[in-house]
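These notes concern the structure reproduced below.
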Amino acid sequence: MTILITNATLLPCTKDMPVVENGYVQIEGDAIKAVGAGPPPAVEGAEIVDAGGDVVMPGMVNPHCHMAMTLFRGLGEDVDDRLFRYVLPMERKFVTPKMVEVGTRLAALELIEAGVTTVADMYYYETEVGRVVDEAGFRGVVGQTIADFDPPDHASIDAGFALTEELVAEFSGHDRVIPSIAPHAPYSTDIAVMNRVARWADDHPDVPVQIHLAEMTSEMEWCEKHHRMTPVEVVEKAGLLRKGLICAHCLYLSGGDIEKMAAAEVCVAHNARSNAKAGRGIAPVEALRAAGIPVGVATDGPMSGNTLDLFSQFGPVSMFQKLLGKSRKPMPAREVIRMATIEGARVLGLDKKIGSLEPDKKADLIRIDLSAPRTQPAYDVYATLVFAVIAVDVRDMMVAGRWLMRGREVLTVERKKALRDALQIATAFKAEMARIDSQA
Ligand SMILES: [Zn+2]
């Protein structure tokens with residue numbers, strides 16, 4: 001089956017980040033066959049999609065989130081100790097395979113509607129997450145959390161590894177669902193446990209490793225107190241600072257930390273909005289990228305950042321670096337879109353497969369309508385995407401040659417049921433919060 005998308009403002013997100021006017025994309029099966037300008041080749045029986053000048057670009061990559069936490073979106077907003085007051089006790093009480101399934105399905109709807117075709121997730125009962133990703137048709141690096149704080153799905157580290165093994169057994173070789181292991185953070189996963197993860201990863205070179213790193217001052221103090229080291233040094237000591245490690249946050253880094261990260265070839269998921277909402281700080285994105293470290297645009301969980309869509313991150317990603325540099329120049333719009341596509345794919349080790357529109361890559365793409373008054377005129381389409389477009393402007397989205405959304409209608413997730421199931425759980429959460437508050 002051939003699909004020809006024609007008459008597009010094409011952003012292939014290749015090396016120089018060009019804008020191709022009157023562009024076309026030829027899709028054969030799950031892959032891109034050709035990309036170019038002008039009239040497309042004539043292919044008999046092809047489905048022709050006239051984009052009418054809309055932007056067509058690679059599907060976006062969100063390299064750090066906790067999808068099931070959609071159910072916690074905005075819960076306990078502005079309460080400084082909400083993590084210990086509400087979230088951890090409620091996770092212990094309510095996180096079940098079913099809750100993870102329902103929360104992830106709500107996330108799937110949101111991600112598809114926002115043009116995110118690939119995510120990296122870290123949560124509990126991650127096999128459930130993988131199943132929802134599979135069914136909804138997008139791409140996911142699904143990371144089973146391993147932690148020492150008695151998380152809801154594993155009472156022991158052995159049990160955490162057993163869950164990881166199950167995840168790997170179910171999805172190894174899957175084209176779109178990539179099993180991953182996620183030691184939570186240096187302060188919550190003992191150095192010996194991180195070392196065990198490192199050894200396990202040596203035996204499973206195709207399984208990406210994700211971790212939260214250098215995210216908050218309490219983590220810096222903890223690492224200093226217990227190890228007299230920075231979090232990056234603790235991870236290095238555990239043998240985990242290695243090629244392809246997906247490090248979320250990375251706010252507090254010394255020059256030495258950045259050198260170590262670059263030498264080890266780790267990657268970074270930048271969560272500008274979530275970090276800002278918690279009053280934590282700004283990751284040194286320009287310094288990381290200058291050191292050759294790939295950085296992707298991520299959302300973090302919807303409890304912390306409220307959304308899973310990348311458009312709501314773009315403004316902060318650009319503006320925070322401009323604030324740090326006290327200049328208009330840092331983090332130009334083109335670079336933000338590069339980070340959200342091909343560089344994000346590199347963060348997840350998937351840049352040979354996705355992230356740009358080029359022959360032989362998987363056909364993961366989105367179409368964005370720029371006809372809304374708030375997006376016109378569009379002198380620089382990259383600036384329009386970063387500062388003016390919002391998620392509802394995404395019109396169509398395709399993963400591996402399959403339409404997941406057309407004309408804003410999501411084709412692979414039952415919208416009404418997904419919302420109804422989520423709101424049912426939210427009602428129980430509300431009652432529990434009231435109970436906690438009444439006891440305070
Ligand atoms: Zn996170």
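The values are calculated or read from the model by the stated rules, or taken from the named source; none is laboratory data. Keep in mind that what you see is a predicted model, and the values were worked out from it rather than measured. We place every Cβ from the backbone using ideal geometry, glycine too, and count neighbours over all the protein chains shown.
Looking at ARG374, ARG408, just one residue is charged (D, E, K, R) and either under 26 Å from PRO359 (Cα atoms) or free of Cβ contacts under 8 Å to residues at least 60 places away in the same chain (or both), and that residue is ARG374. A search for C-beta distances below 6 Å between a residue of the range 50-75 that is more than 12 Å from the ligand (Cβ to nearest atom) and any residue that is modelled with pLDDT of 95 or more and acidic (Asp, Glu), counting only pairs 6+ apart in sequence or on different chains, returns ASP54/ASP369; GLY59/ASP364. Within the range 233-244, being in a helix (DSSP H, G or I) and either more than 16 Å from the ligand (Cβ to nearest atom) or touching a residue at least 60 places away in the same chain (Cβ under 8 Å) (or both) holds for GLU233, VAL234, GLU236, LYS237. Of all residues in the range 22-48, those satisfying the criterion of being free of Cβ contacts under 8 Å to residues at least 60 places away in the same chain and within 19 Å of ARG395 (Cβ to Cβ) are ASN22, GLY23, TYR24, GLU47, ILE48.
The listed residues are VAL207, VAL234, VAL193, and the only one of them that is more than 22 Å from HIS66 (Cα to Cα) and either within 22 Å of the chain's Cα centre (by Cα) or not polar (S, T, N, Q) (or both) turns out to be VAL234. Only residues that are assigned to a helix (DSSP H, G or I), among the small types (Gly, Ala, Ser) and either within 15 Å of the ligand (Cβ to nearest atom) or closer than 28 Å to HIS204 by Cβ (or both) were counted in the range 245-270, giving 3. Just name the residue that is surrounded by the most Cβ atoms within 10 Å (Cβ to Cβ) out of those in the range 305-332 that are under 30 Å from LEU109 (Cβ atoms) and free of Cβ contacts under 8 Å to residues at least 40 places away in the same chain. Filtering first and then ranking leaves GLY305.
Of all positions in the range 161-171, none carries a residue that is assigned to a loop (DSSP other than H, G, I, E, B), in the same structural domain as LEU83 (by TED's automatic domain parsing) and over 22 Å from the mean Cα position of the chain (by Cα). When the residues of the range 308-355 are filtered to those that are more than 25 Å from ILE178 (Cα to Cα), assigned to a helix (DSSP H, G or I) and basic (Lys, Arg), the one that is nearest to the ligand (Cβ to nearest atom) is LYS322. Considering the conditions (1) in contact (Cβ under 8 Å) with a residue 24 or more places away in the chain; (2) surrounded by fewer than 24 Cβ atoms within 10 Å (Cβ to Cβ); (3) under 22 Å from the mean Cα position of the chain (by Cα), GLU219 is excluded by exactly one of them, (3).
May I ask you to verify whether PRO205 is over 19 Å from MET339 (Cα atoms) and within 16 Å of the ligand (Cβ to nearest atom)? Give the derivation first.
Numbers: over 19 Å from MET339 (Cα atoms): yes; within 16 Å of the ligand (Cβ to nearest atom): no.
When the stated conditions are applied, PRO205 does not pass them.
Taken as a whole, the range 80-91 holds no residue that is away from the ligand (no atom under 16 Å from the Cβ), in a loop (DSSP other than H, G, I, E, B), among the hydrophobic types (A, V, I, L, M, F, W, C) and in contact (Cβ under 8 Å) with a residue 60 or more places away in the chain.
Considering only residues of the range 208-232 that are within 16 Å of the ligand (Cβ to nearest atom) and aliphatic (A, V, I, L, M), which is nearest to SER180 (Cα to Cα)?
First, the residues of the range 208-232 that are within 16 Å of the ligand (Cβ to nearest atom): 208-216, 218-219, 231.
Checking the rest, the ones that are also aliphatic (A, V, I, L, M) come to 209, 211, 213-214, 216.
Values: VAL209: 6, ILE211: 11, LEU213: 17, ALA214: 21, MET216: 24 Å.
So, considering only residues that are within 16 Å of the ligand (Cβ to nearest atom) and aliphatic (A, V, I, L, M), the one nearest to SER180 (Cα to Cα) is VAL209.
So if I check each of THR145, THR127, which one is among the β-branched types (Val, Ile, Thr), outside the structural domain of ARG367 (by TED's automatic domain parsing) and in contact (Cβ under 8 Å) with a residue 40 or more places away in the chain?
It is THR127.
When PHE149 is tested against (1) modelled with pLDDT of 95 or more; (2) within 29 Å of PRO89 (Cα to Cα); (3) not aliphatic (A, V, I, L, M), exactly one condition is not met: (1). Among all residues of the range 174-194, there is at least one that is surrounded by fewer than 19 Cβ atoms within 10 Å (Cβ to Cβ), free of Cβ contacts under 8 Å to residues at least 60 places away in the same chain, among the hydroxyl-bearing types (Ser, Thr, Tyr) and in the same structural domain as ALA269 (by TED's automatic domain parsing). More than 16 Å from the ligand (Cβ to nearest atom) and in a helix (DSSP H, G or I): does that describe LEU106? Taking the combined requirement at face value, the residue satisfies it.
Only residues that are within 12 Å of the ligand (Cβ to nearest atom), at negative phi and under 17 Å from the mean Cα position of the chain (by Cα) were counted in the range 271-307, giving 10.
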